[in-house]
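Below is one structure, written out as structure tokens; comments come after it.
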Amino acid sequence: MMNTTNQPIPDIPLTAHHIRFTVRAETPIAFHGFKGSALRGAFAGTLRRAFCPEAQRQPVDPLHKAICPACQLLDAEQASRQYGDIRRPYAIRPPLDGKQNYLPGELLHFDVVLFGDKLTYFPYLIMTVQRMGAEAGVGRRDQSGQRGRFSIQRVEAINPLTGELQSLLEAGDSMVRLPALPITHAQVLTAAGRLLTALEQQNKCLTVHCRTPMRLMSGGQKVETAEFFPLAKQAVLRVLDLSAQHAGARPDIRLKEDIYPFADRVMLVKDETHWWDLKGYSGRLERRQVLGGLMGRAVYRTEEWQPLLPWLMWGQIVQVGKNIVKGCGIYQLEAGAAITNPTNDSGT
Ligand SMILES: [Zn+2]
């Protein structure tokens, strides 16, 4: 697609498949704290138990790792990274409905996003979520030691940029369809163009709503204020790393010329963020993990949004900051100094 804006934006080879699972609680499900952490724990544990015969063996044989979907999804290889941080090929988006408890019969949904051309993992994703619900369960254990069970009601591919939706599986179906609604860079540029037009009508004010904890790092320190620069920088670096590690090529950009000067000039005009400190537990690392991050919203303004918007739009798709596999770093962009409540992107 032609880039219709005046600042060149490199072609970004990344794609993402956004898979939504709508499930029905079969027994009471009670989450404690951050739902994303519990979902990721159940997902990783079930995937390993179901599909990785080497799960108990350490160290894992490199040949096994080369062919095992569980190991590939869960343990990105240090050796395979050429630049940047290790970026896993998926993200989890927990329910954003503010609820901690679901009674039997209640529906909830969560999303898994696969980055790059990773549809070979899709059948494992379906089987893992099905087993998660039927065998391991999610959330806290009840008095008899059982976690909440659920059954899959439907699975859909969704494209938040185009609004398209594709049914992949309905309860009772024996056939699963492959996702065919990839989120592409062309769609990101179109959406960024629409947002740019809307910003022109809103005094160039952009609201960023942090829906799950956004934990950004700067110089080895966590960023506890709503500065714009770390968000922009880490959105760009994440998209570059994901492209390099999961889409075959790292886009050619010069951060110090194409990004940083523009990000530096963005001003924070309203800060309604707060720090949410929450704790999770990593079964694999056998220690507690700190997942806290910024929540709430902040309004920013600059004269030159155009070079930054495609990256921020991609960041909305791929999530930004730490603990993304656990559902952190979900944000939404909105033109204007928002006074409305954010729309709920999980549709609940
Ligand atoms: Zn394995």
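The values are calculated or read from the model by the stated rules, or taken from the named source; none is laboratory data. Given the structure is predicted, the values throughout are model-derived calculations rather than measurements. A quick note on method: Cβ atoms are made from the backbone with ideal geometry, for glycine too, and the neighbour counts reach across all protein chains shown. These accessible areas exclude ligands, DNA and RNA; they are computed on the full protein's heavy atoms, side chains included. Shrake-Rupley method; radii C 1.70, N 1.55, O 1.52, S 1.80 Å.
Structure summary
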read-out	value
Label-zone membership for segment 167-186, site A134, 7 angstrom Cα→C-beta point, backbone N under 20 Å	168-178
No Cys partner within the rule (Cβ under 4.7 Å), the chain	C52, C205, C210, C328
Relative packing of 268-278, 224-234, which averages over residues the other C-beta atoms within 10 Å, highest first	224-234, 268-278
For segment 198-273, size of Cβ-based charge dipole, Lys and Arg +1, Asp and Glu -1, in debye	140 debye
Nearby lysines by direct alpha-carbon distance to K222 (threshold 24 angstrom, same-chain neighbours under 8 apart not counted)	K35, K233, K256, K270, K279, K322, K326
Listed peptides 248-258, 32-42 by packing density, highest first (mean Cβ within 10 Å)	32-42, 248-258
Per-residue [θ]222 nm for the chain (sum of -39500 (n - 2.57) over DSSP H runs n ≥ 4, rounded to 500)	-8000 deg cm²/dmol
Backbone N under 16 Å from the S151 label point (7 Å along Cα→Cβ), restricted to segment 93-128	103-108
Translational diffusion coefficient (Stokes-Einstein; Kirkwood radius from C-alpha pairs) of the chain at 37 °C, 0.692 mPa s, in µm²/s	157 µm²/s
Computed magnitude of the charge dipole of segment 185-335 (debye, nearest 20; Cβ of K, R +1, Cβ of D, E -1)	600 debye
Relative contact order [Cα under 8 Å, 6+ residues apart], the chain, whole percent	25 percent
Acute angle (nearest 10 degrees) that the helix 309-318 long axis makes with the longest principal axis of the chain, alpha-carbon atoms	10 degrees
Solvent-accessible heavy-atom area per residue, rounded to whole Å², over the chain at 1.4 Å	46 Å²
Cα-projected label distance for D117 with D11, points at 7 Å along beta-carbon direction, nm	1.4 nm
Label point 7 Å beyond Cα of A180 along Cβ direction - residues of segment 225-260 with amide nitrogen under 17 Å	none
Cβ-Cβ FRET estimate between S167 and Y124, R0 fixed at 25 Å, reported to 0.05	0.80
Net charge dipole size for segment 16-170 [Lys, Arg +1 and Asp, Glu -1 on Cβ; Debye, nearest 20]	360 debye
Cα-projected label distance for V269 with T27, points at 7 Å along beta-carbon direction, nm	5.3 nm
Sulfur and carbon atoms: percent of accessible area, the chain [1.4 Å]	50 percent
Gaussian network model of the chain, springs between alpha carbon atoms under 10 Å - residue of A66, A186, A244 with greatest fluctuation	A66
